[in-house]
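K.L.:
The structure under discussion is supplied below as structure tokens; questions concerning it will follow.
Each value in this text was obtained by applying a stated rule to the coordinates, not by laboratory testing. These figures come from a predicted structure and were not determined experimentally. Cβ placement follows ideal geometry from the backbone for every residue including glycine, while neighbour counts extend to all protein chains displayed.
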Amino acid sequence: MPYGPEAEMTQPMDDENSKADLATVREQWVGIEFDWTTFEMSAPSMVAWAEACGETDPRFTDPNHHDFQAHPGFTTHCMSGRVFPKEFPQIGGGFGIDGGKRVEVHAPIRSGETLTATTTIADIFEKTGRSGTMIFIVQRMEFRNEADDLVSTVDWKMIKKAE
Amino acid sequence: MTANRSLYRYFVSIDLNKMRLDLHTHSIKSDDGRAKVENYCKWIQKKQLALDGFVLTEHRQFDADSDYRHLEDEYGLVIMKASEVETDFGHVLVFGVNDDLLAAMDFTDIRLPIETVLDESRKAGAFAAPCHPGRKRVGLFAHYEDRGIVEGVDTVEVLNGGSIPGEDELSIEMAERLGYRGFGGSDSHVVSRIGFCATDFPNQQITDMGTLVDALYGGNFSAISMRPRSGD
């Protein structure tokens with residue numbers, strides 16, 4: 001089964017019509033959910049992450065603490081199975097670079113939980129700066145616990161050169 | 001104007017007849033902004049910055065929804081909303097965005113013709129002025145050599161808190177040569193950079209976007225740099 005729109009947009013864009021193409025890509029792909037996976041939350045990995053961040057608060061570093069939970073940035077290292085949906089068109093040049101992640105914490109993540117993550121294309125936009133015109137593709141992972149409560153949202157920007 | 005606001009101004013601005021505003025800031029509403037508006041207010045208060053207020057100029061959009069009046073009252077600051085759009089001659093700040101202007105052009109379009117932005121802003125009663133004009137690729141003057149001078153520009157941001165060495169110098173030099181008026185803005189994306197550059201409006205009280213647009217059309221203002229010296 002395809003994960004999103006197919007047809008002509010599977011072809012690489014060219015510079016001549018990149019503006020129109022990007023608008024079409026945006027219209028067709030923003031909001032498309034394309035990956036589902038699960039992550040087991042283990043105390044050792046939660047502690048390792050917190051310590052690597054320089055965290056000293058025992059809530060994040062001591063599994064015996066009564067309120068032990070994952071560090072707020074913990075979910076940023078949980079990688080989805082695929083970066084783009086199948087059939088996602090080639091936009092911009094090259095492979096792109098990592099534009100960083102932004103995490104929003106909704107509720108504590110506890111050791112022993114299994115989180116379900118769904119991945120969506122959240123946004124596609126262009127902007128121009130000193131380095132020229134860039135295309136930003138925002139991949140959003142939403143993490144839910146076993147009670148189906150949203151616990152974390154991670155937006156990952158990928159940046160590609162537009163010209 | 002609340003009593004709280006007047007009192008705060010007494011502490012931060014010696015000259016009560018002068019308004020000092022940072023005309024170019026970004027909050028988390030911008031894709032690359034990392035500053036919450038309340039944290040800007042807290043920073044201004046904590047550092048006792050000589051600012052009477054600031055304008056949020058979010059990238060490629062107008063934030064019609066956010067209401068910061070409670071922060072204005074709590075911190076004694078004027079907080080206004082504008083936009084930074086992208087044109088074929090670089091980035092342009094638009095003050096006084098309204099429904100007419102939003103209907104007239106697509107703020108998300110990074111290839112807006114600058115003439116359209118200037119004309120439509122004027123028609124809608126707004127004020128448009130290129131920002132960081134001395135910056136390569138996204139500054140007005142970077143395009144002048146190849147494409148000529150844009151009619152209708154009379155004001156530019158000559159001091160920008162995000163400029164690298166040489167950019168503001170070029171902005172000032174070209175603005176002087178072309179007879180453009182100059183204003184200042186920090187272009188802050190993080191809290192600690194607000195107020196690096198600002199604009200003084202002598203003998204004027206600016207309390208909302210309407211009075212700011214009038215003041216910008218009036219032309220009685222000047223850019224000021226408040227960048228901290230190294231070691232501060």
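K.L.:
Checking the structure you have, find out if any residue of region B:166-180 is within 14 Å of chain A (Cβ to nearest Cβ) and touching a helix residue (DSSP H, G or I) at 6+ places or on another chain (Cβ under 8 Å).
P.N.:
The answer is yes, given that some residue of region B:166-180 is within 14 Å of chain A (Cβ to nearest Cβ) and touching a helix residue (DSSP H, G or I) at 6+ places or on another chain (Cβ under 8 Å).
K.L.:
Of the residues in region B:81-119, how many are surrounded by fewer than 20 Cβ atoms within 10 Å (Cβ to Cβ) and away from chain A (no Cβ under 14 Å)?
P.N.:
10
K.L.:
Does B:Gly166 count as in contact (Cβ under 8 Å) with a residue 12 or more places away in the chain, touching a strand residue (DSSP E or B) at 6+ places or on another chain (Cβ under 7 Å) and surrounded by fewer than 24 Cβ atoms within 10 Å (Cβ to Cβ)? Reasoning before the result, please.
P.N.:
Values: in contact (Cβ under 8 Å) with a residue 12 or more places away in the chain: yes; touching a strand residue (DSSP E or B) at 6+ places or on another chain (Cβ under 7 Å): no; surrounded by fewer than 24 Cβ atoms within 10 Å (Cβ to Cβ): yes.
Judged against the criteria, B:Gly166 is not a match.
K.L.:
With B:Ala142, B:Ala129 as the choices, which residue is away from every other protein chain (no Cβ under 12 Å), closer than 19 Å to B:Ser171 by Cα and touching a residue at least 24 places away in the same chain (Cβ under 8 Å)?
P.N.:
Testing whether each residue is away from every other protein chain (no Cβ under 12 Å), closer than 19 Å to B:Ser171 by Cα and touching a residue at least 24 places away in the same chain (Cβ under 8 Å) leaves just B:Ala129.
K.L.:
Moving on to the next point. Cβ-Cβ under 7 Å, sequence separation 6+ or interchain: first residue in region A:77-99 and under 12 Å from A:Lys161 (Cα atoms), partner among the small types (Gly, Ala, Ser). Which pairs?
P.N.:
Between residues of region A:77-99 that are under 12 Å from A:Lys161 (Cα atoms) and residues that are among the small types (Gly, Ala, Ser), the close pairs are A:Gly92/A:Ala162.
K.L.:
Test of understanding: among A:Phe88, A:Phe60, A:Phe74, A:Phe143, which residue is buried (at least 20 other Cβ atoms within 10 Å of the Cβ), of a type outside the set (Gly, Ala, Ser) and more than 19 Å from the chain's Cα centre (by Cα)?
P.N.:
Values: A:Phe88 fails: more than 19 Å from the chain's Cα centre (by Cα); A:Phe74 fails: more than 19 Å from the chain's Cα centre (by Cα); A:Phe143 fails: more than 19 Å from the chain's Cα centre (by Cα).
Exactly one residue qualifies, and that residue is A:Phe60.
K.L.:
Report yes if B:Arg135 is farther than 24 Å from B:Tyr217 by Cβ, surrounded by 18 or more Cβ atoms within 10 Å (Cβ to Cβ) and touching a helix residue (DSSP H, G or I) at 6+ places or on another chain (Cβ under 7 Å), otherwise no.
P.N.:
Values: farther than 24 Å from B:Tyr217 by Cβ: yes; surrounded by 18 or more Cβ atoms within 10 Å (Cβ to Cβ): yes; touching a helix residue (DSSP H, G or I) at 6+ places or on another chain (Cβ under 7 Å): yes.
Yes: the conditions hold for B:Arg135.
K.L.:
Just need a number here: residues in region B:48-90 that are part of a loop (DSSP other than H, G, I, E, B), over 18 Å from the mean Cα position of the chain (by Cα), over 27 Å from B:Gly134 (Cβ atoms) and touching a residue at least 40 places away in the same chain (Cβ under 8 Å).
P.N.:
Within region B:48-90, residues that are part of a loop (DSSP other than H, G, I, E, B), over 18 Å from the mean Cα position of the chain (by Cα), over 27 Å from B:Gly134 (Cβ atoms) and touching a residue at least 40 places away in the same chain (Cβ under 8 Å) number 1.
K.L.:
For region B:18-28, enumerate the residues that are more than 16 Å from the chain's Cα centre (by Cα) and in contact (Cβ under 8 Å) with a residue 12 or more places away in the chain. Don't jump to the end; show me each part of the working.
P.N.:
Initially, region B:18-28 is screened for residues more than 16 Å from the chain's Cα centre (by Cα), giving B:18, B:28.
Listed by number, the list holds a single entry, B:Lys18.
K.L.:
Of (1) surrounded by 13 or more Cβ atoms within 10 Å (Cβ to Cβ); (2) out of contact with any Pro (no Cβ under 8 Å at 6 or more places or on another chain), B:Ala175 satisfies all except one. Which?
P.N.:
Of everything listed in (1) surrounded by 13 or more Cβ atoms within 10 Å (Cβ to Cβ); (2) out of contact with any Pro (no Cβ under 8 Å at 6 or more places or on another chain), B:Ala175 misses just condition (2).
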